[in-house]
Amino acid sequence: MANPEVEAVDFEPEDDDLMDEDVDGAASPRAPIPKLKSAITGGSSSSFSAAKKTKGRGFREEATTADRNARMSAPFDSLDSEGGPGPERSIEGWIILVTGVHEELQEDELLNAFREFGEIKNLHLNLDRRTGFVKGYALIEYEDREEAEKAIHEMDGTEFYTHTIHVDWAFSKGPFKRKNMRRRSPRGHRSRSPRRRF
Amino acid sequence: MAETGDENAGEFYLRYYVGHKGKFGHEFLEFEFRPDGKLRYANNSNYKNDTMIRKEVFVTPAVLKECRRIVVESEIMKEDDNNWPEPDRVGRQELEIVMGNEHISFTTAKIGSLVDVNTSKDPEGLRIFYYLVQDLKCFVFSLISLHFKIKPI
């Protein structure tokens, strides 16, 4: 892993800039960097407070942070959910995410394979904006949970047009990295899973 | 690449904002992926009828991982906004990403097209930003529109 060293060198001039800013900031009550971090952390994870290599003008504009906090503090709508573990139903059905999709895959190839588990209500096979090829993922909607479940069960980890694809729920009833991680699907601990490769 | 090995390591946070303040007030689009899986989407357009869309939903680790993959493959973390056009009255964009032990918070003006990219002082870097933002928007719009059955824009 030679890379972190290279990055560290890249970041050094920026760190200097930020320190200069801090000196300026001492004259006024603003403290852009800590504010930004606490806004993001939002109490969700302690590892955010670990020292990070920072880069960008956004760290030097304290107005940005105040604006953002104001925007994001207003209430957000969500579908009624009982919370807890497990997949979340979408307004008209159940959405699954397919990843590792071959960049030259056609929509009908995906349709043909996945309609085996139930009628596909919606399919998004998005393209890479630069290359025009498939970006690498697809979102598929089924009406019934059982259909989506079956698609996940049958297709996850299989080879599909020379690529190993992964299939999983797209939405969840609640946050992860907390309790109940393993009950969210038959597959369990996915965030740390070593077999997922892109 | 080292990044591939680091792909699963550490926290991931991503926020994108584009907006401007004009005769229709503060119009903006903003979304964020939080480390616990919460995806938030806000779109405030006062043009015609004022419509404020604010939605949030929890996504699975698989979705967050795909978002992360898109970011890693773009190599945006190696870029710097030093030479990008500064936000102006026409508008501003912000892209903030926390990945592993790196934290970027880039700002720039609105980019109308590749012409703006190519005539900037850092066309390579800005091009990466330009396409990444489009790919991220595309991903988020699909997620939000499928889950809530709304047209995000």
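Each part gets one Cα centre, and for the range A:52-70 versus the range A:89-115 those centres are 37 Å apart. Across the range A:85-100, coupling constants 3J(HN,Hα) worked out from phi with the 6.51/-1.76/1.60 Karplus curve, θ = phi - 60°, read x, x, x, 9, 6, 8, 5, 10, x, 10, 9, 10, 10, 10, 10, x Hz, and Gly and Pro carry x.
Note that the range B:118-127 has calculated 3J(HN,Hα) couplings of 5, 8, 7, 7, 9, x, 5, x, 5, 5 Hz, one per residue in order, obtained from phi through the Karplus relation 6.51 cos²θ - 1.76 cosθ + 1.60 (θ = phi - 60°); glycine and proline are x. Helical content of chain B, expressed as a calculated mean residue ellipticity at 222 nm, amounts to -10500 deg cm²/dmol (DSSP H runs of 4 or more residues, -39,500 (n - 2.57) each, divided by residue number, nearest 500). Peptide A:166-175 has a mean shielding of 6, counted as Cβ atoms of other protein chains within 10 Å of each residue's Cβ.
Please compute the average number of Cβ atoms from other chains found within 10 Å of each residue's Cβ in peptide B:89-98. Before the final figure, lay out the partial values.
On the way: counts 0, 0, 0, 3, 0, 7, 2, 8, 1, 7.
Per residue, the number of nearby Cβ atoms from other chains is 3 on average.
The accessible surface of chain B, taken with every protein chain in place and a 1.4 Å probe, is 50 percent carbon and sulfur.
Near the amide H of B:Glu11, within less than 5 Å, lie the amide hydrogens of B:Gly100, all on another chain or at least 5 residues away, with H placed in the peptide plane. Fully extending the segment from B:Val90 to B:Val115, taken as 0.36 nm per residue of separation minus the present Cα-Cα distance, adds 7.4 nm.
According to the square roots a ≥ b ≥ c of the eigenvalues of the Cα gyration tensor, what is the shape class of the range A:93-167, taking rounded for a/c under 1.5, prolate for a/b larger than b/c otherwise, and oblate for the remainder? Prolate, because a/c is 1.5 or more and a/b exceeds b/c. Taking the Cα centre of chain B as reference, the dipole from Cβ charges on Lys and Arg (+1) and Asp and Glu (-1) amounts to some 980 debye. Could you check which residue among B:Met52, B:Met77, B:Met99 shows the biggest mean-square fluctuation in a GNM of chain B with a 10 Å Cα cutoff? Its mean-square fluctuation being the largest, the pick is B:Met52.
Computed from phi, the 3J(HN,Hα) profile of the range B:16-24 under the Karplus parametrisation 6.51, -1.76, 1.60 (θ = phi - 60°) reads 10, 9, 9, x, 7, 10, x, 6, 9 Hz, with x in place of Gly and Pro.
Springs join every pair of Cα atoms under 10 Å in this Gaussian network model of chain B, and among B:Gly91, B:Gly22, B:Gly37 the largest mean-square fluctuation is at B:Gly22.
Partner shielding of B:129-142 amounts to 3, given as the average count of beta-carbon atoms from other chains within 10 Å of each residue beta-carbon. Near A:Phe160, the amide H atoms lying under 5 Å from its own belong to A:Ile165; only residues 5 or more places off or on other chains count, and H is placed 1.01 Å from N.
Taking the alpha carbon gyration tensor of chain B, multiplying each eigenvalue by 5 and rooting it gives semi-axes of 24, 22, 12 Å, largest first. Inter-label distance, A:Glu159 to A:Glu116: 1.5 nm, where each label sits 7 Å from its Cα along the C-beta direction.
When the accessible areas of A alone and B alone are added and the area of the pair subtracted, with a 1.4 Å probe, the result is around 6400 Å², both sides summed.
The values are calculated or read from the model by the stated rules, or taken from the named source; none is laboratory data. Note that this is a predicted model, so its numbers are computed, not measured. Cβ sites come from the backbone with ideal geometry, for glycine too, and all protein chains shown count toward neighbours. These area figures cover heavy atoms from the full protein model, side chains too; ligands, DNA and RNA do not enter into them. Shrake-Rupley method; radii C 1.70, N 1.55, O 1.52, S 1.80 Å.
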